[in-house]
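The values are calculated or read from the model by the stated rules, or taken from the named source; none is laboratory data. Fair warning: this is a prediction, and the values are worked out from it, not measured in the lab. For neighbour counting, all protein chains shown are included, and Cβ atoms are generated from backbone atoms with ideal geometry for every residue, glycine included. All accessible areas refer to the heavy atoms of the entire protein, side chains included, with ligands and DNA or RNA removed. Shrake-Rupley method; radii C 1.70, N 1.55, O 1.52, S 1.80 Å.
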Amino acid sequence: MFINNSLINKIINAKEIVFFTGAGISAESGIPTFRGKDGIWNKLKPEELANFNAFLKNPDMVWEWYQYRRQIIEEKQPNAGHYAIVEFENLFNNVTVITQNVDNLHNRAGSKKVLELHGNIEKNFCIKCKTRYDNLLISENKTAPKCKICGGLVRPDVVWFGEMLPQDVFNNAEKMAMRSDVCFVIGTSAVVYPAANIPIIAKQYGSLLIEINITNTELSHYCDYSLIGNSGEILPNILNEIKKLKNI
Ligand code: OAD
């Protein structure tokens, strides 16, 4: 894809860059998105699986579904889009990834500053005493485990519908969005709030908003640039153009 030079020139002068990402950035790794043609929420009801009451009613079913997703994620690898973002860290002063994804792929790719707005599927905690149970083995935990200390149910550390986002993480994300000179909005339908406020805040505070998506979204009209295509191709292209201009 042709990336115009005036855009590259604007990015190159940025000091602080935010990458706001959604399920689309992991699509090329083979992880299904939520709302696309083969999206998870087209086949399954979120209220039956991603909801605290559903977990209390049927913990094993909800747990099994998360173990199934963990299994898929474990077998997949970060893609060229995730790795391109890591490389931006070497070229700019301050790079922050703000992700709605729970798949941990930004961390696995090597990004140093990742703010996970919706939690992380590899982590768990007891609903009663909050003891953490991270990295439980998938093969050994087919049904919802009980806390070894208080006997409470152990749940995935992800944000379910109707739940608050982790406040400190969200506050930090807001702060980074306000400070950013450039904010990339990548692979998200940008319809789930409050997360979807992040790019809006960035733009309100003067950031250049650049969307990368295979299609237009609710946010496209608000963005300064809307680049249509796979993030795993467009991000490395942008990176190469930046390197050329910087003579790297
Ligand atoms: P969605 O499934 O709503 O949107 C995925 C977006 O990625 C769509 O706009 C696609 O067009 C785009 N896309 C797909 N493949 C792409 C590719 N290769 N390159 C670039 N873009 C691509 O996923 P999210 O916006 O992440 O929340 O969904 C937001 C939240 O809704 C999720 O975090 C989750 C879900 O319910 C919770 O679980 C709390």
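How much length, in nm to one decimal, is gained on full extension between H221 and M164, taken as 0.36 nm per residue of separation minus their Cα-Cα distance?
17.7 nm
For n ≥ 4 DSSP H runs only, could you compute -39500 (n - 2.57) per run for the chain, divide by its residues and tell me the 222 nm figure to the nearest 500?
Roughly -10500 deg cm²/dmol at 222 nm, from the helical runs in the chain.
Dipole magnitude for the chain: computed about the Cα centre from +1 point charges on Lys and Arg Cβ and -1 point charges on Asp and Glu Cβ, it is near 420 debye.
Given 0.36 nm per residue, what is the gain on full extension from N58 to Q204 after removing their alpha carbon distance, in nm?
48.3 nm
I'd like the carbon and sulfur percentage of the solvent accessible area for region 1-68, probe radius 1.4 Å, heavy atoms only, ligands and nucleic acids excluded. In region 1-68, the share of accessible area belonging to carbon and sulfur is 54 percent. For N247 and N94, the FRET efficiency from 1/(1 + (r/R0)^6), where r spans their Cβ atoms and R0 equals 25 Å, is about 0.70. Most mobile of I201, I127, I149 per a Gaussian network model of the chain (Cα springs, under 10 Å)? Residue with maximal mean-square fluctuation among I201, I127, I149: I149.
Packing, as the average of other Cβ atoms within 10 Å across residues, places the peptides 20-32, 108-120 in the order 20-32, 108-120, highest first. Remark: region 71-195 projects, on average over all directions, an area of 9.0 nm² (convex hull of Cα atoms).
Here's how it looks for E16: its modeled amide H is under 5 Å from those of D181, V182, which are all 5 or more places away or on a different chain.
Using the alpha carbons alone, the radius of gyration of region 1-46 stands to its Kirkwood radius in an Rg to Rh ratio of 1.20. Rounded to the nearest 20, the Cβ-based charge dipole of region 117-180 about its Cα centre (Lys and Arg +1, Asp and Glu -1) stands at 220 debye.
With Kirkwood's inverse mean 1/r over C-alpha pairs for Rh, give me the Rg to Rh ratio of the chain, two decimals please.
Values: Rg = 18.7 Å, Rh = 18.8 Å.
Ratio of gyration radius to Kirkwood radius: 0.99.
Largest mean-square fluctuation among G206, G187, G232, in a Gaussian network model of the chain whose springs join Cα atoms under 10 Å apart, belongs to G206. Within region 148-189, list the residues whose amide N lies under 19 Å from a label point set 7 Å along Cα→Cβ of K113. From region 148-189, the list is 167-186. Computed from the C-beta positions of I3 and N171, the FRET efficiency with R₀ = 41 Å rounds to 0.80. Beta bridges assigned by DSSP with both partners in the chain are antiparallel in approximately 20 percent of cases. Take the Cα of Q77, step 7 Å toward its Cβ, do the same at I214, and the gap between the two points is 2.1 nm. Considering all different alpha carbon pairs of region 1-90, the Kirkwood hydrodynamic radius works out to 16.1 Å. Charged side chains reduced to their Cβ positions (Lys and Arg at +1, Asp and Glu at -1) give region 53-151 a dipole of some 480 debye around its Cα centre.
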